Amino acid sequence: MKRTHHCNELRPAHIGQTVTLSGWVHSRRDLGGLIFIDIRDREGRTQTVFDPSDLPAALFEQAAALRSECVVSITGAVRQRPVGTNNAKIPTGEVEVAVTALEVLNMAEVLPFPVDDPEIASKVNEELRLQYRYLDLRRPEMARNLKVRSKVAIATRSYMDEQGFLEVETPTLFKSTPEGAREFLVPNRREPGTFYALPQSPQQFKQILMVAGVERYFQLARCYRDEDLRADRQPEFTQVDIEMSFIEREDIYALIEGLLKRVWKTALNMDIPTPFKRISFEEALNRFGIDKPDTRFGMELVDFTAEFRTSTFKVFSGAIAAGGVVKALNAKGLAGATQGQIETMTEYAKSFGAKGLAYIKVENGEWKSPIVKFFSATEKAALIAKLAIEEGDLILFAADQWLTACEILGKIRLYCADVLKTQGRLVIPADQFNFLWVIEFPLLGFDREQNRWYSSHHPFTAPVTQDIPLLKTDPKKVRGQHYDVVVNGVELGGGSIRIHQPDVQKTVFEEVLQIPPEETKLRFGYMLDAFRYGAPPHGGIALGFDRLIAILCGTPSIRDVIAFPKTAKGTDLMTDSPATVSAKQLRDLHIELKVPKPAGMPTPPAPGTTPQ
RNA sequence: GGGGGUGUAGCUCAAUUGGUUAGAGCGCUGCCCUGUCACGGCAGAGGUUACGGGUUCGAGCCCCGCCACUCCCGCCA
């Protein structure tokens, strides 16, 4: 019985045709004398009817014995449902198939969790879902996520192809490059003591491809980072990796805006407006306290440094005298915040090194606050004016060095938004996507502990041209030609125009980052070599593909858009990986373990060996 | 590495704050049911309360340890 239609295909136009459907028993309703079975496949589901008056008894009995998720193939005639029995919930709900033949392709055991009920299935313990991932992926919601991912991958490839890009694969067995994320290492059997590393990203290969004259490169590249995980971080993940020659920042902006426009149209049939807004790193911090602002709601930070410079409240004026700033935000309507919520916010502040968190609750016409008694009338008037203070508001302050003060309030702003969302007082439409470019990042950050400058993006990022002279005189002021694309508070991707002039690169490495020349040669020698033989000006970007798909699918966790993701500890519950290996495998790799053998666990036999 | 949350029937959750025989819905098994689509009705089975200790006359509940999952901080050039 070869299938003639999929389970989301039959409509009134098919009435009268004899069809064969194959799929899983989604649900069955056995009325005794009549059995309804919904057959589900990747595309949808269709109701089939077993009527004993038309069927041999044996076939009817067979249908009665079916259970959820048995795999069947049925043949029958498509017919109009009787008046009043249409099911508006499914696209095939106007018709049904009157079964004349049934083939049970496979029975299914009772499932560990339901796949037919989205309400329950979405709440099932993720541990179980991961252990039985093949069942989880059968759920229509998960199947849809896989489909969106595939469509977006294909749309990306076709868009990049139209734009003249070549898809080039780069090695996953690479060389360890110690800065940045911790790497996964792969021991080399052929030369004891040497290791490959899995790439954190194809960064260096893609730049070398520019030297190789590829001009326009892209890849859906698998990347590996051996760092602790989050809802939006997996040890292996996928980037849309892009690099172009003979371009400036504007070219990247236009390219990515076009790509995302295509992607949103493909996945959600939405037309997103371009060009995207642009905001400097400094403005993003000043207004939102974070370099990936969620601009779907207000509660922006307000600066009060001028107002409190000569204040008698020493916590504020002292912070300013020490070169810091005073900033505040108005958490509209949160005066009723619980002690626990204030506590949480205070913890955020403390985690940034602040001593505490100053606040004012505006309740019953009064300012309830431990600090307000120190404020002058002028200061109060300034607060009211600039923060538009009203009854029911909660005002939160940070007085610290500029970056710290901004970051504290940025964190608190997001927390307050979450609280308001939970209370239903802040509603953000699911189809609102606020894209923006964050630009003009500082090229360098300063590491107080090590007393040296470090690259805030990576050491190949080009400085803004007019800032190059500042490299040697005032590194803090140098802006990088670095850009991030952000949507709704999520960093979708980032990149930069790279340095292609050997003298600038030398200055950055040796004079700014203070890396000794011999070390530079050891770590980046092959790249610097390549750059000596005619490197075109170039730049690129990488988008987090998993995050992109998660946003399109409206899920907070990228595990929902990866077919076989790993847990927060990096294990795969379905295959029980990682696992120990045999002594022989270790010997081949010249590796001796220093970890104690797990108690009570015999050493597993080497794969492929048979017991003697 | 640190902090928070969760763990009770196959699944989702209760268990009046330490007190009788640990319950419900769904699922499962059996019987009944010819227009259901969350089908319905009747009956039934199903529990080492993650695991190991401890306190107590008595522990699902309190204490210590441990494991797993999860969220966050650190980390992620």
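Quick check: anything in segment A:136-145 within 9 Å of RNA strand B (Cβ to nearest atom), more than 18 Å from A:Ile74 (Cβ to Cβ), crowded, with 16+ Cβ neighbours inside 10 Å and not aliphatic (A, V, I, L, M)?
no
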Legend entry - Count - residues of segment A:523-546 that are crowded, with 21+ Cβ neighbours inside 10 Å, within 14 Å of RNA strand B (Cβ to nearest atom) and part of a helix (DSSP H, G or I): 1
Legend entry - Residue check for A:Thr305: more than 16 Å from RNA strand B (Cβ to nearest atom) and hydroxyl-bearing (Ser, Thr, Tyr): yes
Legend entry - Total residues in segment A:419-443, condition modelled with pLDDT under 90 and more than 29 Å from A:Lys265 (Cα to Cα): 6
Legend entry - Residue identified as open to solvent by 10 Å² or more (accessible area, probe 1.4 Å) and touching a helix residue (DSSP H, G or I) at 6+ places or on another chain (Cβ under 6 Å) among A:Ile515, A:Ile549: A:Ile515
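So which residues in segment A:90-119 are acidic (Asp, Glu), without any contact (Cβ under 8 Å) to a residue 40 or more places away in the chain and either within 7 Å of RNA strand B (Cβ to nearest atom) or more than 25 Å from A:Glu141 (Cα to Cα) (or both)?
Applying the first criterion (acidic (Asp, Glu)) to segment A:90-119 yields A:94, A:96, A:103, A:109, A:116-117, A:119.
From what is left, the residues that are without any contact (Cβ under 8 Å) to a residue 40 or more places away in the chain are A:109, A:117, A:119.
Matches in segment A:90-119: A:Asp117 only.
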Inset, instruction - State all residues of segment A:27-62 that are surrounded by fewer than 17 Cβ atoms within 10 Å (Cβ to Cβ), free of Cβ contacts under 8 Å to residues at least 40 places away in the same chain and part of a loop (DSSP other than H, G, I, E, B); if no residue qualifies, say none. - result: A:Leu31, A:Gly32, A:Gly33, A:Leu34, A:Pro52, A:Ser53, A:Pro56
Legend entry - Unique residue being small (Gly, Ala, Ser), under 23 Å from the mean Cα position of the chain (by Cα) and assigned by TED's automatic domain parsing to the domain that holds A:Gln234 when the list is A:Gly534, A:Gly554, A:Gly525: A:Gly554
Legend entry - In segment A:448-459, residue modelled with the highest pLDDT [restricted to those that are more than 28 Å from the chain's Cα centre (by Cα) and over 14 Å from A:Glu510 (Cβ atoms)]: A:Asn451
Legend entry - Residues (open to solvent by less than 60 Å² (accessible area, probe 1.4 Å), within 16 Å of RNA strand B (Cβ to nearest atom) and within 24 Å of A:Lys521 (Cβ to Cβ)) located in segment A:457-479: A:His458, A:Pro459, A:Phe460, A:Thr461, A:Ala462, A:Pro463, A:Pro475
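So which of A:Ala231, A:Ala221, A:Ala267 ends up being in contact with a helix residue (DSSP H, G or I) (Cβ under 9 Å, 6 or more places away or on another chain), within 16 Å of RNA strand B (Cβ to nearest atom) and open to solvent by 20 Å² or more (accessible area, probe 1.4 Å)? So that I can check it myself, show each step before the final result.
Values: A:Ala221 fails: open to solvent by 20 Å² or more (accessible area, probe 1.4 Å); A:Ala267 fails: within 16 Å of RNA strand B (Cβ to nearest atom).
None of the others qualify; the one that does is A:Ala231.
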Inset, instruction - Give me the pairs, please: first residue somewhere in segment A:194-211 and in the same structural domain as A:Pro537 (by TED's automatic domain parsing) and within 9 Å of RNA strand B (Cβ to nearest atom), second residue anywhere and of a type outside the set (Ser, Thr, Tyr) and in a loop (DSSP other than H, G, I, E, B), beta-carbon distance under 6 Å, and either six or more positions apart or on two chains. - result: A:Gln200/A:Gly180; A:Gln200/A:Ala181; A:Gln200/A:Arg225
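Inside segment A:211-314, counting only strands (runs of 3 or more DSSP E) that do not spill past its ends, which hold 3 or more residues that are within 27 Å of A:Pro536 (Cα to Cα)?
Of the strands (runs of 3 or more DSSP E) lying wholly inside segment A:211-314, those with at least 3 residues that are within 27 Å of A:Pro536 (Cα to Cα) span A:216-224, A:236-245.
Anything in segment A:173-187 that is more than 15 Å from RNA strand B (Cβ to nearest atom) and in contact (Cβ under 8 Å) with a residue 40 or more places away in the chain? List them, or say none. Steps first, please.
In the first step, residues of segment A:173-187 are kept if they are more than 15 Å from RNA strand B (Cβ to nearest atom); the result is A:173, A:185-187.
Residue satisfying the conditions is A:Pro187 alone.
Checking the structure you have, find out if any residue of segment A:560-583 is at positive phi, under 28 Å from the mean Cα position of the chain (by Cα) and not assigned by TED's automatic domain parsing to the domain that holds A:Thr266. Talk me through it step by step, then tell me what you get.
Restricting attention to segment A:560-583, the residues satisfying the condition of being at positive phi are A:570, A:576.
Keeping just the survivors that are under 28 Å from the mean Cα position of the chain (by Cα) gives A:570, A:576.
This time we only want the ones that are not assigned by TED's automatic domain parsing to the domain that holds A:Thr266, so: A:570, A:576.
Yes - at least one qualifying residue is present in segment A:560-583.
The values are calculated or read from the model by the stated rules, or taken from the named source; none is laboratory data. Here the structure is a predicted model, which is why all the values come from computation and not from measurement. Glycine gets a Cβ as well: all are built from the backbone with ideal geometry, and neighbour counts include every protein chain shown. Keep in mind that these areas ignore ligands, DNA and RNA; they rest on the heavy atoms of the full protein, side chains included. Shrake-Rupley method; radii C 1.70, N 1.55, O 1.52, S 1.80 Å.
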